[in-house]
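Just so it is clear, none of the values below were taken in a lab; they were calculated from the coordinates. No experiment lies behind these values; they were computed from the predicted model shown. Virtual Cβ from ideal backbone geometry, glycine too; neighbours counted across all protein chains shown.
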Amino acid sequence: MKLAAVSIGTIWGIQTVLYLFGTLDLVSATLSDLVVIAMLLVFARRRGGLAALGLRRSSPRFVLAGILIGSSVWYIALRLVDWLRPPGDTQVLQNIVEQSALVPTLAAIAIMPAIAEELVFRGVLARGLATRLPAMLAIVLSTLLFCAFHLLPAQMVGVLPLALALGVLALRADSVIPTIIAHFINNVIGVLIARDGLPASVLGTINAYPNLLLLAAFGVAGVGLAIATRRTVSKPESPEPASPRP
């Protein structure tokens, strides 16, 4: 908890200071994430390795689950925000995403947060809480803190479905590699939608069949979670052959 709190405070602190000095939001976001990633890597080195952050090899099924979750939960979040219509002005963030060059935008909003936030909220926080609390409670608490971290009500609501799914995935895989992949895919799609970067045929399908697409998104995300939570049955050891009687 202390490491997660220090990491969150570092991100907020650096972004606030740089903002006061007039630094572009994308630059401040990238720098704060880089500092926290470096800080966590130093911590992991002192604790004996990257596994302390959840950076460990993961089974292919968890990677597949992450791909399915990341490619589907974004639409569930989009519809949830549209339904609840939380207060708050997100126009500034929208303008930054739309008006900045694509590569820096993807680096600042898709790549760096996917790494830094997963290390903090799933690698450190969720996994750490799960050593002291029931797994579901650890997932819920880390999800609530992740939502609060985003400050704007619309963002809090928007990240809720993803945070819940990633909490489950991180604890089942005992790795943040699948959650980083899912988070990255989710953010890339979000950036492309905000910039109208998806093909016209895809946008047309989204607008023409919103409820069907929502059902499909729940289905794909559900398959991803089912893959992640499926229990593997270990094969019983074969009994050793009896020694021949003399």
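Specify which residue in the list P104, L192, G66 is farthest towards the positive end of the charge dipole of the stretch 56-229, using unit charges on the beta carbon of Lys, Arg (+1) and Asp, Glu (-1), about the Cα centre.
Farthest towards the positive end: G66.
Net charge around A228, counting only other residues with Cβ within less than 13 Å of its Cβ (Lys, Arg = +1; Asp, Glu = -1)?
+4
When the chain is treated as a GNM, springs tying every alpha-carbon pair under 10 Å, which of L198, L164, L40 comes out with the largest mean-square fluctuation?
L198
Using the crude model of +1 on Lys and Arg Cβ and -1 on Asp and Glu Cβ, and no other charge, please compute the dipole size for the chain relative to its Cα centre, in debye to 20.
1060 debye
What order do you get for Y209, Y75 when you list them from fewest to most C-beta neighbours inside 10 Å?
Fewest to most other Cβ atoms nearby, the residues stand as Y209, Y75.
Take M112, M156 and order them by how many other Cβ atoms sit within 10 Å, fewest up front.
Going from sparsest to densest Cβ surroundings: M156, M112.
If you take mean projected area of the Cα convex hull in nm² from the coordinates, which of [x] 12.5; [y] 18.3; [z] 13.7 do you get?
Among [x] 12.5; [y] 18.3; [z] 13.7, the one calculated here is [y].
Please rank W12, W74, W83, fewest neighbouring Cβ atoms within 10 Å first, as an exposure proxy.
Least to most surrounded, the residues fall as W83, W12, W74.
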